[in-house]
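The values are calculated or read from the model by the stated rules, or taken from the named source; none is laboratory data. Treat the numbers as computed from the prediction; the structure is a model and nothing was measured. A quick note on method: Cβ atoms are made from the backbone with ideal geometry, for glycine too, and the neighbour counts reach across all protein chains shown. Surface accessibility is based on the protein's heavy atoms, side chains included, excluding ligands, DNA and RNA. Shrake-Rupley method; radii C 1.70, N 1.55, O 1.52, S 1.80 Å.
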Amino acid sequence: MTGDAYVTRLRKALKIGGHAIMATFALDGPEKCSGLPVMRYDATRLAQALGFGFKLLRSQPNDHATPWGSQQRFQFSAFQRVG
């Protein structure tokens, strides 16, 4: 599924006034996960990817310790669906 398909489904599923919390790999996070390339975002880029109709409420970076003892940086962002 492409990024556009995810946004389309989110628009259909989330009512006006509803909230979505999204976790993504941060810009300085890993380039691959389980050997596959990943998309990396900061709050601004994620808001741009979602486009009109989503208001960024809050964002927060998170450092995740993997079972192998390394760190992976994630970005959590909260959005509200607006009309």
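Electrostatic bookkeeping for G17 treats Lys and Arg as +1 and Asp and Glu as -1; over the other residues with beta carbon under 13 Å from its beta carbon, the sum is +3.
Local charge for Q71 was computed over the other residues whose Cβ lies under 12 Å away, with Lys and Arg +1 and Asp and Glu -1, and equals -1.
The accessible surface of the chain, taken with every protein chain in place and a 1.4 Å probe, is 55 percent carbon and sulfur. In the full protein context, the chain carries 71 Å² of accessible surface per residue, based on a 1.4 Å probe and ignoring ligands, DNA and RNA. Computing Rg and the Kirkwood Rh from the Cα coordinates of region 27-78 gives a ratio, Rg/Rh, of 1.03.
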